[in-house]
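Worksheet for the structure shown next.
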Amino acid sequence: MKKILAILLAAALVLSFAACGSKEPKDNGGDAAKSIKVGAILVGDETEGYTLAHMNGMEGAVEALKEDGYNVTLEYKKKVPEDTSVETNANNLIAGGCDIIITNSYGHQFNFGSVIEQNPDVTFVAMTGDLAAGSNLPNYFNAFTKVFESRYVSGVVAGMKLKSLLDSGELNAKDYPNSYEGENIKIGYVGAFNYAEVVSGYTAFYLGLKSIVPNIVMTVKYTNSWFSEEREAAVGEFLMNQGCVIIGQHADSTGAPAAVQKAHTAGTNTMCYSVGYNVDMLDVAPDVVLTSASNNWEVYYETLFRAVLEGKPVPQDWAEGYSEDAVYITDLGSACADGTDAAVEETIAGIKDGSIKVFDCSTFTVGGKNLTSYTNAYGMNDAETITNENGVYFFDESTLRAAPYFDIRIDGINEIASDYAE
Amino acid sequence: MSDSNKHAAKEPFVRIAKNGLPSAKRAIGVRAASLLAALILCSIYILIVGRGEVSLGNAFSQMWNGTFGIPGNVRSMRIMMWDTAVYAAKLLCVAVALAPAFKMKFWNIGAEGQIVMGGLATAIIMHDFGSLPKPLMLILMIVVCVICGAVWGVIPAVFKAYWGTNETLFTLMMNYVAMKIMDYFYNMWKGKLSALPTFPKETWLPSLFDHSYGWNIVIFVVLAILMFFYLKKTKQGYEIAVVGDSANTARYAGINVRRVIIRTMAISGAICGLCGGLTVAAQNHSIAYSAEAVHTVTSGYGFTAIIVAWLANFNTLGMILISLLIQFLEKGTGQLGNSFPAFAVGAGNVMIGIVLFCIIGGAFFLNYRLVFRSKKQPKEKVKTEVRDTDA
């Protein structure tokens with residue numbers, strides 16, 4: 001049995017290697033303009049919110065394009081680690097007839113090998129990556145959303161709540177002395193890693209909050225993991241015990257809101273509300289979650305698929321926000337203050353028409369000074385990142401490249417040491 | 001009469017008896033039966049988990065595609081067979097490394113750490129000594145990974161040989177130390193980036209058969225053959241077997257047990273180190289962070305290889321088949337998850353478990369047999385009972 005099996009396996013291997021001519025399978029032609037195949041190399045699977053959001057985005061785009069008579073087929077490769085498996089899977093997907101290859105994790109982009117050069121007819125997109133523009137490869141692209149815009153709006157939601165707590169007198173220095181640092185009210189933020197992507201996000205959240213309640217200070221504590229319910233719960237509890245009234249997050253689990261809900265249900269004398277990320281977290285923490293900042297990847301995927309289907313150029317370093325509905329905040333929780341809806345609408349309208357700049361330099365200081373120039377953003381080759389438009393200086397995020405590069409530590413935000421090794 | 005009934009009731013319904021050496025026919029029969037049982041159980045499992053939406057033919061053809069490529073699509077078959085070959089070779093290499101230690105009854109659970117240390121040593125050469133002349137650098141890359149792997153294996157061996165520490169716990173803990181050392185370098189080299197890029201192409205091992213990892217397959221398979229002869233035909237191999245059977249007998253026969261333990265673990269660690277070094281130099285061109293779901297330097301094979309070594313009964317040539325089988329299961333179930341959402345979350349691992357359970361269960365029937373209480377009494381039994389009633 002073993003011998004027969006061995007002989008069969010050996011024969012199969014020999015035959016396949018012998019057949020390795022230089023023949024490349026030809027495109028079956030057909031109506032190439034009307035139908036394409038997309039191969040997605042994913043770091044997780046549907047159990048992980050980040051990857052699920054991408055899968056939903058692609059499937060949504062497929063449905064939308066179906067109405068225009070286009071036929072897009074998706075093929076997934078799930079749980080692909082950031083190693084040579086990327087190259088292998090990309091090659092295999094192309095062998096299977098894929099016209100577009102998408103990767104969804106930052107580290108995937110280092111492991112394409114030479115597959116991009118070797119397949120000039122295939123479009124490659126490294127989502128959240130930052131190497132495509134500099135690679136001079138005409139079929140290689142990057143994309144990201146301007147999620148800092150929806151983080152700013154989620155900050156406004158939290159600010160409205162905080163304002164109503166102050167106005168009603170529920171939150172005051174006498175009953176909650178721990179929540180005050182001098183005149184300022186304490187806010188917390190559960191961050192994943194100290195990368196620009198996270199710094200950009202928490203600063204946007206802080207500035208959104210500050211646009212409603214000016215006297216706030218924020219503490220950021222990292223979990224050193226993109227997804228860890230346990231760590232996020234522990235950091236959430238820590239921030240609650242510090243007296244933080246609002247806890248935002250840039251980490252993928254529901255650990256922090258669940259911790260806040262637990263304290264709320266237990267009836268401890270803490271006043272704390274939570275703002276989530278990526279997905280609606282109300283089912284986990286119905287009484288304390290205000291909203292979640294989120295991405296709508298479908299907008300990009302539809303743009304990408306349509307460009308390839310219609311033979312149009314694919315945008316390099318695509319980054320869109322509210323103007324294309326590529327970002328949004330999830331449904332408001334019951335804990336939100338009255339009038340939040342109107343404030344949200346007003347803010348979104350402001351972002352859309354340009355009257356609100358998220359990183360308006362007049363709204364924050366660094367070392368006590370307002371910035372008019374910043375050329376030290378990591379990985380940006382000393383490029384000027386601050387723009388002056390009609391006398392208003394603002395940090396121009398996600399314009400020079402899609403991936404965020406705001407890495408300035410502004411006054412009023414305090415990063416404290418992580419309990420977890422990197 | 002009632003007396004004899006009472007006596008018969010004492011015999012258990014089923015008892016286990018030890019077999020002699022199984023005949024070749026029986027061995028083949030048992031193996032075939034266990035694979036058949038695995039196939040049937042997996043089929044039932046697929047039908048249940050797939051809720052009838054996944055046909056068996058579809059499921060097994062996806063598993064085939066994930067391992068050997070899309071049938072008829074030469075390009076896909078070539079890509080996937082090479083990929084399967086390199087991972088099977090890597091798994092084989094670690095199992096080969098474990099074979100001498102296990103044969104000596106030294107439970108080396110530390111292959112992960114030994115692979116990591118070898119990989120890290122090579123990575124340091126690639127990262128910091130890329131300016132050396134290439135031949136010198138390549139030699140250094142190989143030498144340091146072998147040495148570092150061997151050192152990581154020898155440390156617990158010395159403690160075991162001189163102070164009788166428990167090698168299972170010791171080697172296990174050494175894994176975590178090694179992982180954290182690699183994390184340190186990973187974070188240092190990564191700096192402010194959110195992932196570590198690959199090392200410059202000039203430092204990679206040269207390609208063979210058009211694949212950067214071509215050498216790995218050749219070297220790992222050659223190692224398996226060499227290890228087969230080392231264990232079966234050399235004096236040192238014999239010493240390992242004697243120490244494994246009984247350390248006291250070995251001592252009585254004049255074998256220096258301490259030396260054998262340390263030497264064997266040096267070999268075991270060195271091969272693991274080489275596996276790590278070659279993985280970094282020829283396949284991944286980078287190191288990994290221990291909190292990732294898959295540690296891409298080890299692929300978790302430091303643990304998987306334990307099963308391979310046991311299933312092949314420490315026969316390093318038999319390990320080639322078992323490694324291929326494990327690859328088929330890993331890649332096949334992975335593709336099952338890619339194609340059918342129902343199989344995405346760990347469902348594939350259950351299938352791997354079912355197959356391994358059946359094979360290990362089959363091995364039980366090679367060494368033992370079940371004896372059922374039968375109504376027809378065996379002849380000797382009848383005789384004794386007659387005597388009993390006589391009395």
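Key figures
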| item | result |
| --- | --- |
| Some residue of the range A:102-115 being surrounded by fewer than 23 Cβ atoms within 10 Å (Cβ to Cβ) and away from chain B (no Cβ under 13 Å) | no |
| Test result for A:Thr123, on the phi > 0 side of the Ramachandran plot, touching a residue at least 40 places away in the same chain (Cβ under 8 Å), β-branched (Val, Ile, Thr) and touching a strand residue (DSSP E or B) at 6+ places or on another chain (Cβ under 8 Å) | no |
| Among the residues listed as B:Leu278, B:Leu317, the single one being surrounded by 23 or more Cβ atoms within 10 Å (Cβ to Cβ), out of contact with any His (no Cβ under 7 Å at 6 or more places or on another chain) and assigned by TED's automatic domain parsing to the domain that holds B:Ile219 | B:Leu278 |
| Selection count where residues are of a type outside the set (Ser, Thr, Tyr), within 14 Å of chain B (Cβ to nearest Cβ) and over 21 Å from the mean Cα position of the chain (by Cα), scope the range A:397-418 | 0 |
| In the range B:216-251, the residues that are of a type in the set (D, E, K, R), at pLDDT 85 or above and surrounded by fewer than 18 Cβ atoms within 10 Å (Cβ to Cβ) | B:Lys232, B:Lys233, B:Lys235 |
| Among the candidates A:Gly129, A:Gly188, residue that is modelled with pLDDT under 90, in contact with a helix residue (DSSP H, G or I) (Cβ under 8 Å, 6 or more places away or on another chain) and of a type in the set (Gly, Ala, Ser) | A:Gly129 |
| Candidate set: the range A:309-342, residues that are touching an Asp or Glu at 6+ places or on another chain (Cβ under 9 Å) and of a type in the set (Val, Ile, Thr); chosen: the one farthest from A:Gln261 (Cα to Cα) | A:Val327 |
| Counted residues, the range B:127-161 - those being of a type outside the set (Lys, Arg) and farther than 24 Å from B:Tyr176 by Cβ | 15 |
| Tally, over the range A:100-148, of residues that are closer than 21 Å to B:Ser194 by Cβ and among the charged types (D, E, K, R) | 2 |
| Test for B:Phe229: is it away from every other protein chain (no Cβ under 14 Å), in contact with a Lys or Arg (Cβ under 8 Å, 6 or more places away or on another chain) and of a type in the set (A, V, I, L, M, F, W, C) | no |
| Single residue of B:Ile139, B:Ile240 found to be farther than 30 Å from B:Thr84 by Cα and assigned by TED's automatic domain parsing to the domain that holds B:Thr264 | B:Ile240 |
| Residue count for the range B:44-84, restricted to those that are at the interface with chain A (Cβ under 10 Å from one of its Cβ atoms), small (Gly, Ala, Ser) and buried (at least 21 other Cβ atoms within 10 Å of the Cβ) | 3 |
| Total residues in the range B:179-215, condition modelled with pLDDT of 80 or more and on the phi > 0 side of the Ramachandran plot | 1 |
| Selected residue [surrounded by fewer than 19 Cβ atoms within 10 Å (Cβ to Cβ) and within 14 Å of another protein chain (Cβ to nearest Cβ)] from B:Gly254, B:Gly191 | B:Gly191 |
| Candidates B:Ala33, B:Ala89, B:Ala38, B:Ala85, filtered to the one that is in contact with a Ser or Thr (Cβ under 9 Å, 6 or more places away or on another chain), in a helix (DSSP H, G or I) and touching a residue at least 60 places away in the same chain (Cβ under 8 Å) | B:Ala89 |
| Some residue of the range A:381-389 being in a strand (DSSP E or B), buried (at least 20 other Cβ atoms within 10 Å of the Cβ), away from chain B (no Cβ under 14 Å) and not small (Gly, Ala, Ser) | no |
| Filter result for the condition that a residue is assigned to a helix (DSSP H, G or I), under 30 Å from A:Met380 (Cβ atoms) and not aliphatic (A, V, I, L, M), over A:Gly159, A:Gly155, A:Gly113 | A:Gly155 |
| Among the candidates A:Ser225, A:Ser200, A:Ser253, residue that is farther than 22 Å from A:Ala343 by Cβ, modelled with pLDDT of 90 or more and within 24 Å of the chain's Cα centre (by Cα) | A:Ser200 |
| Selection from the range A:55-84 of residues that are within 14 Å of chain B (Cβ to nearest Cβ) and touching a strand residue (DSSP E or B) at 6+ places or on another chain (Cβ under 8 Å) | A:Met55, A:Met58, A:Glu59, A:Thr73, A:Leu74, A:Glu75, A:Tyr76, A:Lys77, A:Val80 |
| Residue identified as more than 30 Å from A:Glu63 (Cα to Cα), at pLDDT 90 or above and part of a strand (DSSP E or B) among A:Val260, A:Val358, A:Val275 | A:Val275 |
| Residue match in the range A:232-246 (condition: within 14 Å of chain B (Cβ to nearest Cβ) and either among the hydrophobic types (A, V, I, L, M, F, W, C) or part of a loop (DSSP other than H, G, I, E, B) (or both)) | no |
| Selection status of A:Ala90, closer than 22 Å to B:Asp210 by Cβ, among the small types (Gly, Ala, Ser) and either assigned to a helix (DSSP H, G or I) or more than 14 Å from chain B (Cβ to nearest Cβ) (or both) | yes |
| Failed item in (1) under 25 Å from B:Arg75 (Cα atoms); (2) without any contact (Cβ under 8 Å) to a residue 24 or more places away in the chain; (3) not charged (D, E, K, R), with A:Val43 passing the rest | (2) |
| Restricting the range B:194-214 to residues that are hydroxyl-bearing (Ser, Thr, Tyr) and more than 9 Å from chain A (Cβ to nearest Cβ), the residue that is surrounded by the fewest Cβ atoms within 10 Å (Cβ to Cβ) | B:Ser207 |
| Helices (runs of 4 or more DSSP H) lying entirely in the range B:297-391 (those with 3 or more residues that are touching a Phe, Trp or Tyr at 6+ places or on another chain (Cβ under 6 Å), closer than 30 Å to B:Ile70 by Cβ and modelled with pLDDT of 85 or more) | B:318-339 |
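The values are calculated or read from the model by the stated rules, or taken from the named source; none is laboratory data. From a predicted model like this one, the values you see are computed outputs, not experimental measurements. Cβ: placed from backbone, ideal geometry, glycine included. Neighbour counts: every protein chain shown.
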